[in-house]
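Shown next, in structure tokens, is the structure this report addresses.
The values are calculated or read from the model by the stated rules, or taken from the named source; none is laboratory data. What you see is a predicted model; the values in this text were computed from it and never measured. Quick reminder, even Gly has a Cβ in these numbers, built from the backbone with ideal geometry, and neighbours come from all protein chains shown. We work out accessible area using only protein heavy atoms, side chains counted, and drop any ligands, DNA or RNA first. Shrake-Rupley method; radii C 1.70, N 1.55, O 1.52, S 1.80 Å.
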Amino acid sequence: MLELWIPVGLVALVIIIGIMIYNGIISRMNAVARAWADVVVQERQKNNIIPDLEKIAEQYGQYERSIMTQVTELRSSLQRLNADNMDLQTLSDTRTKTTNLLNGLYAVAENYPDLKASQLYNNLMSEIAEQQENIGAAIRIFNQNVEDFNNGIEVFPNSLVNGWFNKKRKLSTFSDSQAESAFEYKPDIH
């Protein structure tokens, strides 16, 4: 009788471990999706700031038309971000547009001291800087969740369970090609 229970127990143990691994992969995928949604939310927080930026740009627009164009491009880019679709290229484009806009606003402020002294302008620049920090933090959390997920589907025996049941593919982390271009060293990671 004991001889029968040992194989049954082993099969039950294998099934339980398989279920735990399967659920772990699903949990990590959900964490990645949540982290991506947080990145999108942080990026979209800029939408609260854009109307005020548009007002400032209009005030100084007769001198600096490019700022209005950059604000419009940023708004368009922010609207293309979607919490249901992990589009790292759109996120990268949005971050580049934000950087370009900030550089343009700093240049305008240098040329027009009245703007630089404006409390509204200073508040907006502080808010944008804070939003950029929040977005950076959200991206770090997203990348960590992607790493955890990728590890969860690639290590043994998880890779077997994933191959048989989940069939999830490895995800890409967010990377900033503009920032990467500043480094001479490129790790040889395969």
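Sub-6 Å Cβ pairs linking a first residue in the range 104-132 that is closer than 13 Å to Lys46 by Cβ and modelled with pLDDT of 75 or more to a second residue that is open to solvent by less than 40 Å² (accessible area, probe 1.4 Å) and assigned to a helix (DSSP H, G or I), at least 6 apart or interchain, are Gln131/Lys46, ordered by first then second residue. Would you confirm whether or not the range 38-50 contains a residue that is in contact with an Asp or Glu (Cβ under 7 Å, 6 or more places away or on another chain) and open to solvent by less than 20 Å² (accessible area, probe 1.4 Å)? Yes, the range 38-50 contains a residue that is in contact with an Asp or Glu (Cβ under 7 Å, 6 or more places away or on another chain) and open to solvent by less than 20 Å² (accessible area, probe 1.4 Å).
Criterion first (modelled with pLDDT under 90, in a helix (DSSP H, G or I) and among the hydrophobic types (A, V, I, L, M, F, W, C)) does Val41 satisfy it? Lay out the reasoning, then the answer.
Working: modelled with pLDDT under 90: yes; in a helix (DSSP H, G or I): yes; among the hydrophobic types (A, V, I, L, M, F, W, C): yes.
Yes; evaluated as a whole, the condition is true for this residue.
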